Amino acid sequence: MPRKLIAGNWKMNGLRSDGHALARDLALRFSTEKEPAFDMLICPPAQLLDSIGQVIAGSGVALGAQDCHRETKGAFTGDLSAAMLADIGCRFVIVGHSERRQYHNEIDLMVAEKAAAAHSAGLIAVICIGETEAERDAGEALTVCARQIAGSVPDGATAANTVIAYEPVWAIGTGRTPTVRDVMEMHAHIRAELSRKVPDADDVRILYGGSVKGSNAGELLTLPNVDGGLVGGASLQAEDFWTIAKASE
Ligand code: 13P
């Protein structure tokens, strides 16, 4: 079984003062934990990546970005390439988050290109997929996620360079979560679909995301085929995030 990955997606939250304090707190907890049974990743907003990389250096907490461009450099105002992120110490980058798909019109092909760019730069791509509420209500959740895997996971993806995050759109920031049965069904389905594209699909970490908090983490993050969590709101307080990580053990 792959080692659990507990990832915090800070989204557009964090100034230097609170961002550094949060990172410092987590770095201290993680580095003083005796043999943690999970890996920990934080994905702060871009302006904090470099300085937070220094705050968490040597702690074992990994650094990730929330997006990257598909090209390595060039005339793309406002964008950051995967090579730039690797250059400042990122090991991971989230691609295809539903908020990017929704607000920046990212489609599967673009997500696959970004993931491939991440791989070329030596980064681990955290590829996000997940159905909308209308798609689930229409009984299309499994089909939608299969299509997103087929379209968003690039050639060359392996368990070493790719993590999948299943985040049902309707569960993000809403306090609602799928049932345990639905999560188990979806994660098994994702693993089966991955095996069509990825040679070592059994070892790919498949994270659950969407309204994960301390009170439901033990139930959701210990299910079969759930190899960790991608946490939004509850990753912004060290105590909350740490409670989630410990509950996943
Ligand atoms: P919440 O944990 O706030 O629901 O966000 C989930 C998410 O989108 C993580 O990427």
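Given springs between every Cα pair under 10 Å in a Gaussian network model of the chain, which of His189, His104, His69 has the largest fluctuation?
Highest fluctuation of the listed residues: His104.
Could I have the simple spin-label model distance between Glu133 and Arg196, label points 7 Å from Cα toward Cβ, reported in nm to one decimal?
2.9
Straight-line reach from Lys114: which lysines have Cα under 22 Å away, leaving out those fewer than 8 places along the same chain?
List returned: Lys11, Lys73, Lys197.
Rounded, prolate or oblate for segment 96-249? Axes are the square roots of the Cα gyration tensor eigenvalues, ordered a ≥ b ≥ c, and the cut-off for rounded is a/c under 1.5.
Rounded shape, in that the Cα axes give a/c under 1.5.
Gly130's amide H: which non-local residues (gap 5+, or another chain) put their own amide H closer than 5 Å, with H modeled 1.01 Å from N in plane and none for Pro or chain starts?
Under 5 Å from the amide H of Gly130 lie the amide H atoms of Glu167, each far enough along the sequence or on another chain.
Pick out which of Phe30, Phe92, Phe76 has the largest mean-square fluctuation in a Gaussian network model of the chain, springs linking Cα atoms closer than 10 Å.
For the chain, modelled as a Gaussian network with Cα springs under 10 Å, the answer is Phe76.
Quick one: in segment 47-126, what % of C-alpha pairs are over 15 Å apart?
53
Percent of accessible area on segment 82-141 owned by carbon and sulfur, 1.4 Å probe?
52
Out of the DSSP beta bridges found with both residues in the chain, what percent are antiparallel (nearest 5)?
0
What does the accessible area of Thr177 come to, in Å² to the nearest 10, when a probe of 1.4 Å is used?
Per-residue accessible area (Thr177): approximately 50 Å².
Ser51 label point, 7 Å along Cα→Cβ, cut-off 20 Å on backbone N: hits in segment 1-28?
Inside the label zone: 9-28.
I'd like the trypsin sites (Lys or Arg not before Pro) in segment 126-179 restricted to DSSP loop residues with at most 15 other Cβ atoms within 10 Å, sorted by number.
Taking segment 126-179 and a limit of 15 other Cβ atoms within 10 Å, the loop trypsin sites (Lys or Arg not before Pro) found are Arg176.
Using the membrane-span-like helix rule (whole DSSP H runs, Cα extent along the own axis of at least 15 Å, mean Kyte-Doolittle hydropathy at least 0.5), which helices of the chain qualify?
141-152
Calculate how large, on average over all directions, the projected area of the Cα convex hull of segment 90-182 is; give the answer in nm² to one decimal.
One quarter of the hull surface, i.e. the mean projection, equals 6.5 nm².
The values are calculated or read from the model by the stated rules, or taken from the named source; none is laboratory data. In this text the structure is predicted, and so the values were computed from the model without any measurement. With ideal geometry, Cβ positions are generated from the backbone for all residues, glycine too; neighbour counts draw on all protein chains shown. The accessibility values were calculated without ligands, DNA or RNA, using every heavy atom of the protein model including side chains. Shrake-Rupley method; radii C 1.70, N 1.55, O 1.52, S 1.80 Å.
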